[in-house]
Amino acid sequence: MTDAPDAPPENPYVRDPDTEFAPADSLSPEAAREQAALLREAIRYHDYRYYIEADPVIGDRAYDALFDRLRTLEETFALDREGSPTQRVGGEPVESFETVEHVAPMRSIDSSGEVADVRAFDERVRERVGAVEYICEPKFDGVSVEVVYEAGELVRGTTRGDGERGDDITKNIKTVASIPQRLRGDYPDFLAVRGEVFMPREAFNQYNAERVERGDDPFANPRNATAGTVRQQDPSITAERPLDCFFFDVLSEPPFDTRWAQHERLPDWGLKTNDRVELVDDIEGAIDYRDAMLAERDDIDYEIDGVVIKVNSLAASEELGSTARAPRWAYAYKFPARTEQTTVRNITVQVGRTGRLTPVALLDPVEVGGVMVSRASLHNPEQIQELGVGIGDRVKVQRAGDVIPYVSEVVEKGGEGHFQFPDHCPVCDSAVERDGPMAFCTGGVACPAQLQRAVEHYGSRDALDIEGLGEKTVEQLLDAGLIERIPDLYALSVDELAALEGWGETSAENLVEAIEATKNPPLDDFLVALGVPEVGPTVATNLARTFGTLDALLDASTEELQEAPEVGEEVAREIHEFFASERNREVIDQLRAHGVEPQPMETDTGDALDGLTFVFTGALSESRSQYQDLVEKHGGRATSSVSSNTDYLVEGENAGTRKREDAEANDVPVIDEEGFWSVLEEHGVEERL
């Protein structure tokens, strides 16, 4: 923890905030501006003392009086509120969140609850870079965000999203009191940091009690409450909820050698860090740290589900690098799942988008790890058979990863036998077929449960992003009999839609145009839209790049599918079976009959850039990932940091200084975008973004 800063000089609201304020309308505009400036300065100081130093110098009532006075002055005199602490009360609602690219990838972390896996991680690290120190921190069960500051001012807050891009939630982030809108001290001109927004346990319980008193449903757990809050379209709602934030990674380029140095510097800039972070000498120290945190977890006022172990040296981390999904320099050592006992009162069967039938146990409510659980997964028919579970049984309930509740064991039989899995779909009455341990409805898109979810997914943001095709619209189209399968979307007319309740000609035209615009989607987006099992955006892109066209992919064998990056044997089998299905082929043929033709993605076009390594920095005219994909497609390498093996540093606008300094130290040429295209031309690559 850093030393507490000196109080702002000559500010009467820092040490003696009990001043009697004259009526706001008795002040001149100039006097109001001067007093507002002092109040803002004082409030920022008190925020620092409270959130960063945990050593406030005034009480809550005095602080609230200062805050209310500032807000009154700003409203009475229409003062500019840009950067003011009062922005935390929220702003105008947003219609939707824009998607923006991260300054640096926010990858997930490999994890395990087995100590042998943690030691294996350490062995891989030491084989590559030798002995290392580790920095250890709690694994917060909240929502990861990227927060960006320019010239010390908060300019953007973004959700993790897919790791490359996330939703712009800046207005909501500004309402979180522990996230400063202005940095302190000797901060860099550009700073991007990673943090975890969470809801403290005590505050969560109190807020839930208030919701129940108002007649609202309580939140299931602090993480769900946090996730829903940061994505509220009305920032004033976010401002009402008790969110907090810890910061732990610098994503931009201030010149640090270690993560511990980052951790120590963040509070100097006014960014809150966790006081349980520790630096240890080796992996055994990290294991001891995890065990200590496990013993303390119930005494901590925020949810954690393990610890994160990171290589302290940034140079060693750079040498270790990352896979497409996760860094090789970090590992999460998870806690064991929490377990409680309760009684099964009923068992229902849910039908998913792919037709998979999932049994769910309805339980006598029981608190498992601080969360009230009344439903738990039974996974599949085979699991029911193995457990021998039935209605009335006393069972053991666990939370997988402290999140998903499931029945792990029957403790005492209370019924006459185990649950008999249905042989017909509970929604459409079609026959149920078994595929190994799992069960599927054979109704296909004729099954309302499958069709509604399939259509919603087809038009979702991660798929074809059809604006206006949300849950309520899809339900309305189904109820009106306008769609019976996904291809029917392309037969919708303006007249049909305009006749629906709540619709007009303009809204009908907009939806028809939005659907029409998806007739030539990128192949990878189309694969996601189809709902192919195990195929998310990354795998879809890998498949599209490997096979190029839809027809080539449809004809691929299981062995050929495994040639795509991140497609193993099991995933390849799932994909092959999906495309071999007569029902799925029929849907694809019908889509094509309506004019839907996915655009081919160019497969690898050669090795023109073989042997060349590029690093990209700053704001480029297109996303950084597009430049990296282009380089890799032509046989080159795109890395995230400059080393002696780098051939070119491509610098966009507002680039930091660290990569340029590294380039100068390693005699790496620094070029702009125009210079990048010139290099490609020299090597015979004419493709442009």
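Specify which residue in the list Val587, Val571, Gly548 is farthest towards the positive end of the charge dipole of region 523-593, using unit charges on the beta carbon of Lys, Arg (+1) and Asp, Glu (-1), about the Cα centre.
Val587
May I ask you to list the trypsin sites (Lys or Arg not before Pro) in region 542-633 that are in a DSSP loop and have at most 11 other Cβ atoms within 10 Å of their Cβ?
none
Rounded to the nearest 5, what % of DSSP beta bridges with both residues in the chain are antiparallel?
Close to 85 percent.
I'd like the isolated cysteines in the chain, meaning no second cysteine's beta-carbon lies under 4.7 angstrom from theirs.
Cys136, Cys245
Give, rounded to the nearest 20 debye, the magnitude of the charge dipole that region 415-534 has about its Cα centre when Lys and Arg contribute +1 at Cβ and Asp and Glu contribute -1 at Cβ.
Rounded to the nearest 20 debye, it is 280 debye.
Roughly how large, in nm² to one decimal, is the mean projection of the convex hull of the alpha-carbon atoms in the chain?
Over every viewing direction, the Cα hull of the chain projects on average to 35.4 nm².
Let me know the whole percent of all Cα-Cα pairs from region 12-89 that are separated by more than 18 Å.
37
Give me, ordered by chain and number, the residues 5 or more places off Val368 or on other chains with an amide H under 5 Å from its own placed amide H.
Val373
Based on the mean of other beta carbon atoms within 10 Å per residue, what is the order of 298-304, 114-120, most packed first?
298-304, 114-120
Between Glu475 and Glu127, take the C-beta separation as r, use R0 = 60 Å, and let me know the FRET efficiency to the nearest 0.05.
0.65
For Gln599, what residues show an amide H to amide H distance below 5 Å, using hydrogens built from the backbone and excluding near sequence neighbours?
It is Leu523, by chain and number.
With an 8 Å cut-off on Cα pairs and a minimum separation of 6 or more residues, tell me the relative contact order of the chain in percent.
Reported relative contact order: 9 percent.
So what's region 441-564 giving for Rg/Rh, alpha carbon basis, Kirkwood Rh from the mean inverse pair distance?
Taking Rh as the inverse mean 1/r over Cα pairs, Rg/Rh reads 1.03.
Calculate the FRET efficiency for Ala619 and Asp68 from the Cβ-Cβ distance with a Förster distance of 60 Å, rounded to the nearest 0.05.
Efficiency, from the Cβ-Cβ distance: 0.95.
May I ask you to compute the full-extension gain from Leu362 to Glu340, defined as 0.36 nm times their residue separation minus their alpha-carbon distance, rounded to one decimal in nm?
6.4 nm
With r as the distance between the Cβ atoms of Arg107 and Arg688 and R0 = 35 Å, compute the FRET efficiency 1/(1 + (r/R0)^6) and round to 0.05.
Working from the Cβ atoms, E equals 0.75.
How big is the equivalent ellipsoid of region 173-258 along its three axes, where each semi-axis is √(5λ) from the Cα gyration tensor, reported in whole Å from largest to smallest?
31, 13, 10
Between Thr442 and Asp629, with labels modelled 7 Å along Cα→Cβ, what's the label distance in nm to one decimal, could you check?
4.0
Which whole-number percentage describes the relative contact order of region 335-489, with Cα contacts under 8 Å and a sequence gap of 6 or more?
20
What is the packing order of peptides 172-178, 196-202, taking the mean over residues of other C-beta atoms within 10 Å and listing the highest first?
For the peptides 172-178, 196-202, the packing ranking is 172-178, 196-202.
Can you give the extra length, in nm with one decimal, that the chain gains between Gln420 and Val115 once fully stretched, where that is 0.36 nm per residue apart less the Cα-Cα distance?
Going from the current span to full extension adds 105.9 nm.
Could you point to the residue in His102, Gly83, Tyr490 farthest towards the positive end of the chain's charge dipole, with +1 and -1 charges on the Cβ of Lys/Arg and Asp/Glu respectively?
Going by the charge dipole, the pick is Gly83.
Can you tell me how region 444-516 classifies by the Cα gyration tensor, rounded, prolate or oblate, using a/c under 1.5 as the rounded cut?
Oblate, because a/c is 1.5 or more while a/b does not exceed b/c.
Could you calculate the contour length gain from Arg583 to Glu569, that is, 0.36 nm times the residue separation minus the distance between their Cα atoms, to one decimal place in nm?
2.7 nm
Roughly speaking, what % of Cα-Cα pairs in region 523-593 are separated by over 19 Å, rounded to a whole number?
Of the Cα pairs, 21 percent sit more than 19 Å apart.
Using helices alone, I'd like the mean residue ellipticity at 222 nm for the chain: each DSSP H run of four-plus residues gives -39500 (n - 2.57), total over residue count, nearest 500.
-10000 deg cm²/dmol
Give me the percent relative contact order of region 613-682, please, defined on Cα pairs under 8 angstrom at least 6 residues apart.
In percent, rounded to a whole number, it is 36.
Mind checking the dipole of the chain: about its Cα centre, +1 per Lys or Arg Cβ, -1 per Asp or Glu Cβ, Debye to the nearest 20?
1620
At Val155 and Leu279, where each label point lies 7 Å from the Cα along Cα→Cβ, what is the point-to-point distance in nanometres?
3.2
In Å, what Rg and Dmax follow from the Cα atoms of region 212-329?
17.9, 55
Regarding region 86-195, what are the three Cα extents along the principal axes, ordered largest first, in Å?
52, 34, 23
Please list, in order along region 477-494, the HN-Hα scalar couplings obtained from phi with the Karplus expression 6.51 cos²θ - 1.76 cosθ + 1.60 (θ = phi - 60°), rounded to whole Hz, x for Gly and Pro.
My calculation for region 477-494 gives 5, 5, 4, 7, x, 7, 9, 10, 7, 4, x, 4, 4, 7, 9, 5, 10, 4 Hz in order.
What's the ranking of 246-259, 549-562 by average number of surrounding C-beta atoms within 10 Å, highest first?
Ranked by mean Cβ neighbours within 10 Å, highest first: 246-259, 549-562.
Placing +1 at every Lys and Arg Cβ and -1 at every Asp and Glu Cβ, with all other atoms neutral, what dipole size does region 339-441 have around its Cα centre, in debye to the nearest 20?
Charge dipole, region 339-441, about its Cα centre: 220 debye, nearest 20.
Using a 7 Å offset from the Cα along the Cα-to-Cβ direction at both Asn205 and Asp162, what is the distance between the two label points in nm, to one decimal?
The modelled label-to-label distance comes out at 4.1 nm.
Read-outs throughout are calculated quantities, based only on the coordinates presented, and are distinct from any laboratory measurement. Bear in mind that the values here come from a model prediction, so they are computed numbers and not experimental data. Counting neighbours? That spans all protein chains shown, and the Cβs are built from the backbone with ideal geometry, glycine included.
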